[in-house]
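Structure first, commentary second.
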Amino acid sequence: MKKKLPNTYCFPAVFTYEDGQISVVFYDIELATCGDDDTDALYMARDALGGRLELMEEYGEKIPNPTALAEIPLKDNQKAVLIDVYMPAIRMEGINKSVKRTVTLPAWLNAKALEYNMNFSQVLQEALKEKLGIA
């Protein structure tokens with residue numbers, strides 16, 4: 001029987017502020033990234049952690065227990081940040097299988113889109129990507 005994997009992981013990372021950039025080093029996992037500001041560093045940290053954990057799961061590597069934030073030694077230009085990742089979304093990123101969805105539109109909008117021979121699936125995908133900030 002296959003072991004059930006957790007939906008969410010939370011790991012501490014140390015944000016180091018130097019020379020206008022933020023380096024991010026994970027305390028319990030061999031992993032580092034960086035960002036231009038706090039928001040960028042957090043985004044990059046989540047992305048890196050999700051990718052690393054997905055590989056660890058895939059190759060059956062032992063995922064360590066996270067260290068408590070209070071136990072992490074810090075310098076003056078550092079802060080400990082807890083980074084969380086929602087793994088189901090990360091695990092699904094590599095799967096490009098289509099799923100069927102039912103949508104409801106006003107009749108006039110449907111008629112106008114049909115008049116222009118629009119591909120509803122393509123338009124919906126493009127709109128969702130734009131709304132979610134996915135390139």
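Rule-based calculations on the coordinates, nothing more; no lab input. None of the values given here were measured: they were computed from a predicted structure. So basically every Cβ, Gly included, is an ideal-geometry build from the backbone, and we count neighbours across all protein chains shown.
Filtering the range 69-116 to residues that are closer than 30 Å to residue 19 by Cβ, aliphatic (A, V, I, L, M) and touching a residue at least 12 places away in the same chain (Cβ under 8 Å) leaves 69, 72, 74, 80, 81, 82, 83, 85. Residue check: residue 26 meets all listed conditions (1) more than 21 Å from residue 132 (Cα to Cα); (2) in contact with a helix residue (DSSP H, G or I) (Cβ under 6 Å, 6 or more places away or on another chain) but one, namely (2).
For the range 64-113, the tally of residues that are of a type in the set (Asp, Glu) and within 19 Å of the chain's Cα centre (by Cα) stands at 2. Residue-level check: of (1) surrounded by 11 or more Cβ atoms within 10 Å (Cβ to Cβ); (2) more than 25 Å from residue 134 (Cα to Cα); (3) not polar (S, T, N, Q), residue 70 misses just (1).
Residues in the range 94-110 that are surrounded by 11 or more Cβ atoms within 10 Å (Cβ to Cβ) and in a helix (DSSP H, G or I): 110 alone.
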